[in-house]
Amino acid sequence: MDGEEAGGGHETDTEVTAQRIIVRDLSLSCRIGVTEEERARRQRIRLNLKLEVVPAPPSEDRIAEVVHYGHLVDRVRRTCLKADVQLLETLAEQVAANCFFDARIVSVTVRIEKLDRYADVGGIGIELERQRKG
């Protein structure tokens, strides 16, 4: 018995229940830190994002039917590069807030790590989740 006979493989037998956009290991240098030593030079950070979006598979295979990944990454880059903050928590809030540029985005998880703060630590940082109200 093949998959079609067993009821598997038919598009009408399933529905998309969740859809996520993932941005993994975006590396940037930004001005961030509490101490003068930290703020004296830009620091390397790594960002990871997970965005829950309204599950709507494209029916016509057109970019307008989905959240544009390029626009998302550009917004995150601009937010980080223009930031001049003390805390990773503040930067994470700014990044998360700027990810809600499309009404189809329901929630955002942001993880930001400083990569060079401690010689014996691969990364130290913050992760936060933000959800659209209503």
Legend entry - Qualifying lysines (Cα of each under 20 Å from Cα of Lys133; at least 8 residues distant if same chain): Lys50
Legend entry - Eligible lysines near Lys114 by straight Cα distance, threshold 17 Å, same-chain separation 8 or greater: Lys82
Legend entry - Likely footprinting exposure, Thr109, Thr90, Thr12, fewest C-beta neighbours within 10 Å first: Thr12, Thr90, Thr109
Inset, instruction - At most 12 other Cβ atoms within 10 Å and a DSSP loop assignment: could you name the trypsin sites (Lys or Arg not before Pro) in region 57-132 that fit? - result: Arg62, Arg132
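Given the Cα-Cα distance of Glu60 and Leu128 and 0.36 nm per residue of separation, how much length would full extension add, in nm? Don't skip to the answer; put the middle values down first.
Numbers: separation 68, 0.36 × 68 = 24.48 nm, distance 3.41 nm.
So the chain would gain 21.1 nm between Glu60 and Leu128.
Might you report the magnitude of the Cβ-based charge dipole of the chain about its Cα centre, with Lys and Arg at +1 and Asp and Glu at -1, to the nearest 20 debye? If you can, show how the numbers build up before the last one.
Details: 21 positive and 24 negative charges, 235 e Å.
Around 1120 debye, computed over the chain.
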Legend entry - Entry for Cα Rg over 2.2 N^0.38 Å (calculated from the structure that is shown) out of [x] 1.00; [y] 1.35; [z] 1.29: [y]
Legend entry - region 99-119 and region 33-74: distance between their alpha carbon centers, rounded to Å: 7 Å
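Here, each number is a calculation from the coordinates, and none is a lab measurement. Just so it is clear, the model here is predicted, and its values are computed rather than measured. Methodologically, a virtual Cβ is constructed for each residue, glycine included, from the backbone with ideal geometry; neighbour enumeration extends over all protein chains shown.
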